[in-house]
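A.B. asks: Once you've had a glance at the structure underneath, I'll fire off some questions.
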Ligand code: SF4
């Protein structure tokens, strides 16, 4: 029997305990820690992931160096961090964007 985790989104829709809800949950974790061109193929799993923003924010805030996280390769994340050195909290930025997106969808 599989017991599903209880994961509640915040009022803004932000999911604090996002990992169990990822499309990659239950798959081989090594598949996201490939090198070079294989990363482009690996990140396909992130398309349509319901917690892509949470995953990306976590990786950016923690300066996670290796692997595919939040639909971005390590190289893409490094480039984003260089472009936006002003961002102190990716969680704050992306949770606000997610909340605004949800408001727009229901307005
Ligand atoms: S965004 Fe990608 S790496 Fe992150 S939880 Fe979803 S599928 Fe996994």
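Nothing in this text is a laboratory measurement; each read-out follows from the coordinates by a stated rule. Here the structure is a predicted model, which means the values were calculated and not measured. Note that each Cβ is placed from the backbone with ideal geometry, even for glycine, and that neighbours are counted across all protein chains shown.
A.B. asks: Helix-only estimate, please: 222 nm mean residue ellipticity of the chain, summing -39500 (n - 2.57) across DSSP H runs of length 4 or more and dividing by its residues, to the nearest 500.
C.D. replies: Values: 4 runs with 42 residues, N = 107.
Computed ellipticity for the chain at 222 nm equals -11500 deg cm²/dmol.
A.B. asks: Based on the alpha-carbon set only, what is the convex hull volume of the chain divided per residue, in Å³? Don't jump to the answer; show the numbers that get you there.
C.D. replies: Numbers: hull volume 12.6 nm³, N = 107.
Per residue, the Cα convex hull of the chain comes to 118 Å³.
A.B. asks: Still on this structure, please answer the following. What number in nm² do you get for region 45-97 if you take the convex hull of its Cα atoms and divide its surface by four?
C.D. replies: Its average projected convex-hull area is 3.5 nm².
A.B. asks: Does a label point 7 Å from the Cα of residue 12, set along Cα-to-beta-carbon, have any residues of region 75-101 with amide nitrogen under 14 Å, and which are they?
C.D. replies: Those under the cut-off are 88-101.
A.B. asks: Defining a contact as two alpha carbons under 8 Å apart and six or more residues distant in sequence, what relative contact order in percent does region 19-106 show? Write out the running numbers ahead of the final one.
C.D. replies: Numbers: 85 pairs, mean separation 23.8, N = 88.
Across region 19-106, relative contact order equals 27 percent.
A.B. asks: May I pose another question? Provide the packing ranking of 20-31, 79-90, i.e. peptides ordered by the mean count of other C-beta atoms within 10 Å per residue, highest first. Numbers along the way, then the final one.
C.D. replies: Numbers: 20-31: 13.2, 79-90: 11.5.
Top to bottom by mean Cβ count within 10 Å: 20-31, 79-90.
A.B. asks: I've got another one for you. Full-extension gain between residue 99 and residue 63, please, as 0.36 nm times their residue separation minus the C-alpha to C-alpha distance. Display every interim value, and only then the final one.
C.D. replies: On the way: separation 36, 0.36 × 36 = 12.96 nm, distance 2.36 nm.
10.6 nm is the gain from fully extending residue 99 to residue 63.
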